[in-house]
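Chemist: First, the structure itself, so that you have it in front of you.
Where a number appears in this text, it was derived from the coordinates with a stated rule and is not lab data. Keep in mind the model is a prediction, meaning the values are calculated, not measured. As a convention, Cβ positions derive from the backbone with ideal geometry for all residues, glycine included, and neighbour counts pool all protein chains shown.
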Amino acid sequence: DYYSFWDNQHYDDPSEVDVDHTVALAEAWDSGAHAWSDEQRDKFAADPANLTLLTDNLNASKGDRDIAEWLPPYEPHLDEYVLAYVGVKVAYNLTVDPAEQAALRALAEELGLCASGPGGTGGSADDKLPTTGAPLPLYAGGAALLLGAGGGLYWLARRRAVRFTA
């Protein structure tokens with residue numbers, strides 16, 4: 001049984017699924033991987049934390065799109081997709097462009113992944129995240145992520161057990 005998590009589909013035939021990069025290789029290249037060594041790029045390309053099975057037709061529609069351009073169709077797993085995407089960006093110190101930044105902020109708020117950080121350090125709605133050229137200030141640790149925003153932090157909490165490592 002082959003399971004495509006992002007569209008909640010099961011298949012008996014392995015030709016119905018592809019191995020997909022959550023953060024596409026071209027997106028990683030544009031976000032900082034162009035400056036990596038061949039060894040670092042190979043590690044990224046083979047990292048299980050960035051790989052998932054995906055229905056082949058869905059993978060074709062995703063292509064090299066980033067989180068601002070493509071989201072998985074199965075909404076109950078959307079929060080895991082956001083956390084997996086952010087987790088890979090954090091683990092590899094990759095940047096986001098302005099469209100990704102806006103999409104991540106909107107998704108975090110829409111999905112209830114965003115709340116004031118410890119000690120009331122949540123930022124205001126006017127805070128801006130660094131974009132292309134500077135790493136996205138996200139800090140992975142334990143069962144959640146902290147999303148830096150201006151002078152504050154937003155807590156991205158996991159509602160389901162999803163693991164990713166670098």
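Chemist: Condition test on residue 80, is it within 13 Å of the chain's Cα centre (by Cα), assigned to a helix (DSSP H, G or I) and acidic (Asp, Glu)?
Modeler: Working: within 13 Å of the chain's Cα centre (by Cα): yes; assigned to a helix (DSSP H, G or I): yes; acidic (Asp, Glu): yes.
Judged against the criteria, residue 80 is a match.
Chemist: Which residue out of 50, 57 is touching a strand residue (DSSP E or B) at 6+ places or on another chain (Cβ under 6 Å) and either under 19 Å from residue 86 (Cβ atoms) or surrounded by fewer than 19 Cβ atoms within 10 Å (Cβ to Cβ) (or both)?
Modeler: Step by step, each of 50, 57 is checked, and only 50 is touching a strand residue (DSSP E or B) at 6+ places or on another chain (Cβ under 6 Å) and either under 19 Å from residue 86 (Cβ atoms) or surrounded by fewer than 19 Cβ atoms within 10 Å (Cβ to Cβ) (or both).
Chemist: Against the conditions (1) within 21 Å of residue 92 (Cβ to Cβ); (2) loosely packed, with under 14 Cβ neighbours inside 10 Å, where does residue 20 fall short? Just the number, please.
Modeler: (2)
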